[in-house]
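Below is one structure, written out as structure tokens; comments come after it.
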Amino acid sequence: MATMTLPAETQQQAVTQRCRFCGAGLQRTFVDLGLSPLCETYPALADFNRGETYYPLHVYVCENCFLVQLEEYESAENIFGDYAYFSSYSDSWLKHCEDYCNKMATRFRLNERSFVVEVASNDGYLLQYFARQKVPMLGIEPAANVAKVAIEKGVPTLVRFFGTELARELAAEGRCADLVLGNNVLAQVPDLNDFVEGLKILLKPEGVLTLEFPHLLKLIELNEFDTIYHEHYSYFSMLTTVRIMQAHGLKVFDVEKLKSHGGSIRVYACRDESRTHKFNPTVEELIAEERKAGLDTPEGYEGFARQVKQTKIALVEFLLTAARQGKSVAGYGAPGKSATLLHYCGIGKDLIEYTVDRSPYKQGRFLPGNHIPIFHPDRIRETKPDYVVIFPWNLKEEIKQQLQFIREWGGRFVLPIPKVTVD
Ligand SMILES: [Zn+2]
């Protein structure tokens, strides 16, 4: 049988995407997860007849700078304009933020005369701790509904997208900062160069920038493919991060490994010309670790797609067996990552009857695309499912503790990532 091949001309046309950072053509697939709807939209019953748009989740790795990235299929305005994610709902995350604020205040001697700016400040989940310490601060948050909650809490918040334009406005008003921070925002920036340039503009000459984001090395090692979704345009290694910072006149002087979001890093940077911040060798150690894993070669990115496919086979096999045995399966949580996992694996409410979530915003609504209903967590006690699939696996210990009562009826927990485990 003859195989169809594309004429050379068409093959060349297929390379239409350019790297978000360096502009090189993107040709190498990191993983192709098929099509998925926007993960942080939770339709209500009344929305069902309108249908939903599915976008490709095809991830490339740039062979020049090794930035792993998705194309911007939907504009950031559409995704983040009315964002459903309220950071304040996880206890362990709040503790993490409080510790961060204490640490920064001590290490960089922040006080009543300092100024802290957080980009993508959400509902004021973090800045509230600086407010308690009386450190002047400002949040920048594009989602109006989320910013409103912050303002009500007493966290001054600008409802804007961040970039060089806003940074120059603030700098012109004399509002450059001693500490600029961005937690889990770098991945969500479509115009990466404008954003990082803006961060530099906003820094005082000896100011410090800290950025936290999931570490690409961990994403690969721990098979965290479900953290790939449309809201996350880029996935960073330390190698690539240092390059991006350098291109904008910033130097990375320290890095810490964090447990949050399945393995994140906190990068500390300052202006090139700054002299006060001491270089920590952990930066070089982490880069060496990445080189050892091959992240400085295109081959280092092969193999991920294969392990992702293995996970799908194992999870679907488990759910089909449970269905055949007449066991009931519910989910816990409705995080963005559940959308990627369920769509890539082709799982609907025939295999997972419902899920529950602590966020009142999501209760009574449905997961996008597959319309698995989202209930209040009490539903689990009422229906006594045989299995509970934990979608936010990064909070698994906390969730297992909250749900210990499922043991009363012999209920068991299912973790889909890094590989399917039942306990
Ligand atoms: Zn590139």
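The values are calculated or read from the model by the stated rules, or taken from the named source; none is laboratory data. Predicted model, so just to flag it, every value in this text is computed and none were measured. A quick note on method: Cβ atoms are made from the backbone with ideal geometry, for glycine too, and the neighbour counts reach across all protein chains shown. Each accessible area value is taken on the protein alone, full model and side chains, heavy atoms only, with ligands, DNA and RNA left out. Shrake-Rupley method; radii C 1.70, N 1.55, O 1.52, S 1.80 Å.
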| remark: Counting only protein heavy atoms with a 1.4 Å probe and every protein chain in place, the carbon and sulfur fraction of the accessible surface of the chain in whole percent equals 51 percent
| note | Residue by residue through the range 24-39, the couplings from Karplus 6.51 cos²θ - 1.76 cosθ + 1.60 with θ = phi - 60°, in Hz, x for Gly and Pro, are 5, x, 9, 10, 9, 6, 8, 7, 10, 9, x, 10, 8, x, 4, 7
| Anisotropy class of the range 105-173 from Cα gyration tensor, a/c 1.5 cut | oblate
| Can you give the angle from 0 to 90° between the axis of helix 336-345 and the longest principal axis of the chain, with both taken from C-alpha atoms, to the nearest 10? | 40 degrees
| Placed amide H near residue 115: partners under 5 Å, 5+ positions off or other chain | 178, 179
| note | Zone reached by a paramagnetic label modelled 7 Å from residue 91 Cα along Cα→Cβ, restricted to the range 376-392 with backbone N below 16 Å, covers 377-378
| query | Highest GNM mean-square fluctuation, the chain, Cα pairs closer than 10 Å: which of 307, 363, 325? | reply | 325
| request: Arrange the peptides 207-215, 414-422 so that the one whose residues have, on average, the most other Cβ atoms within 10 Å appears first. | output: 207-215, 414-422
| said: Using the Kirkwood radius over C-alpha pairs as Rh, can you work out the diffusion coefficient of the range 162-321 via Stokes-Einstein at 20 °C, viscosity 1.002 mPa s, in µm² per second? | reply: 126 µm²/s
| note | For the range 356-423, using Cα atoms only, the Rg and Dmax in Å read 12.2, 33
| query | Which angle between 0 and 90 degrees, to the nearest 10, do you get for helix 238-247 versus the longest principal axis of the chain when only C-alpha atoms count? | reply | 40 degrees
| task | Determine the percent antiparallel among the DSSP beta bridges restricted to the chain, to the nearest 5. | result | 50 percent
| said: Once you compute Rg and the Kirkwood Rh from C-alpha atoms, what is the Rg to Rh ratio for the chain? | reply: 0.97
| query | Which residue, 326, 300, 364, tops the fluctuation ranking in a GNM of the chain built on C-alpha contacts under 10 Å? | reply | 326
| field | Within the chain, helix-based [θ] at 222 nm, where runs of 4 or more DSSP H residues each add -39,500 (n - 2.57), nearest 500 | value | -9000 deg cm²/dmol
| task | Round to a whole angstrom and tell me the spacing of the C-alpha centers of the range 372-423 and the range 139-209. | result | 37 Å
| request: Pop the C-beta distance of residue 376 and residue 18 into the FRET formula with R0 = 41 Å and round what comes out to the nearest 0.05. | output: 0.35
| said: Quick one: 3J(HN,Hα) in Hz for the range 171-183, Karplus 6.51/-1.76/1.60 with θ = phi - 60°, rounded, Gly and Pro as x. | reply: 4, 5, 7, x, 10, 6, 10, 6, 9, 10, 9, x, 9
| task | Please sort 183-189, 286-292 by packing, taking for each peptide the average over its residues of neighbouring beta carbons within 10 angstrom, highest first. | result | 183-189, 286-292
| request: Return the Cα extents of the range 300-412 along principal axes one, two and three, sorted largest first, each rounded to a whole Å. | output: 45, 33, 27
| request: Within the set of other residues whose C-beta is less than 10 Å from the C-beta of residue 336, count the net charge using Lys and Arg as +1 and Asp and Glu as -1. | output: -2
| request: Can you tell me the order of 151-160, 273-282 when each peptide is scored by its average per-residue count of other Cβ atoms within 10 angstrom, highest first? | output: 151-160, 273-282
| remark: Regression test value, accessible area per residue of the chain, probe 1.4 Å, units Å², expected 44 Å²
| In sequence order, calculated HN-Hα J values of the range 221-234 (Karplus, 6.51, -1.76, 1.60; Hz; x Gly/Pro) | 4, 9, 6, 8, 5, 6, 7, 8, 8, 4, 6, 9, 7, 10
